[in-house]
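Q: Following this message is one structure expressed as structure tokens.
The values are calculated or read from the model by the stated rules, or taken from the named source; none is laboratory data. Remember, predicted model here, so these are calculated numbers, not experimental data. Don't worry about glycine lacking a Cβ; one is built from the backbone with ideal geometry, like all the others, and counts go over all protein chains shown.
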Amino acid sequence: MQFTLDIPEELVTQLQLFKHQIPQILELGIREVNAASQPGFTGMAEVLEFLAQLPTSAEIIALRPSVELQEQISSLLEKNRTQGLTPAEEMIWEQYQYLEHLVRIAKARALLKLKAGE
């Protein structure tokens, strides 16, 4: 399929460097836009941005979900208990579970570093 669009000249210059990867770039961009509109993404982004700052081991161990994230998780848990989750909510729940898995790994490694005296 061929698609034509008008874009700013400075973006054309940047895209020239990646002309063979434009379909992949568009796909990733669409995923990011879709993810940003999902209710749970904000809380997950907070945690991932925190970890991307390369915090100290002590800071990682002290990490707790924000009030907003905890409310989203609690709401999903309650809804699952009382009426069940929609497919979209189920997907968000799975993302939260994976995020929790990543945080547990980060905390376990941080604890090992602290015990080793690093």
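Q: State all residues of segment 60-78 that are surrounded by 14 or more Cβ atoms within 10 Å (Cβ to Cβ) and either touching a Ser or Thr at 6+ places or on another chain (Cβ under 9 Å) or among the acidic types (D, E) (or both); if no residue qualifies, say none.
A: Once the filter is applied, which keeps residues that are surrounded by 14 or more Cβ atoms within 10 Å (Cβ to Cβ) and either touching a Ser or Thr at 6+ places or on another chain (Cβ under 9 Å) or among the acidic types (D, E) (or both), segment 60-78 yields L69, Q72.
Q: Please find, among L114, L69, L51, the residue that is assigned to a helix (DSSP H, G or I) and at pLDDT 90 or above.
A: L114
Q: State whether the residues of segment 79-89 include one that is modelled with pLDDT of 90 or more, out of contact with any Phe, Trp or Tyr (no Cβ under 9 Å at 6 or more places or on another chain) and surrounded by 11 or more Cβ atoms within 10 Å (Cβ to Cβ).
A: yes
Q: Let me ask something else. In segment 92-110, which residues are crowded, with 16+ Cβ neighbours inside 10 Å, among the aromatic types (F, W, Y) and farther than 12 Å from G43 by Cβ?
A: If the condition is that a residue be crowded, with 16+ Cβ neighbours inside 10 Å, among the aromatic types (F, W, Y) and farther than 12 Å from G43 by Cβ, then W93 is the only one that fits.
Q: Additional query: Which of (1) surrounded by 10 or more Cβ atoms within 10 Å (Cβ to Cβ); (2) at pLDDT 85 or above does A45 not meet, given it meets every other one?
A: (2)
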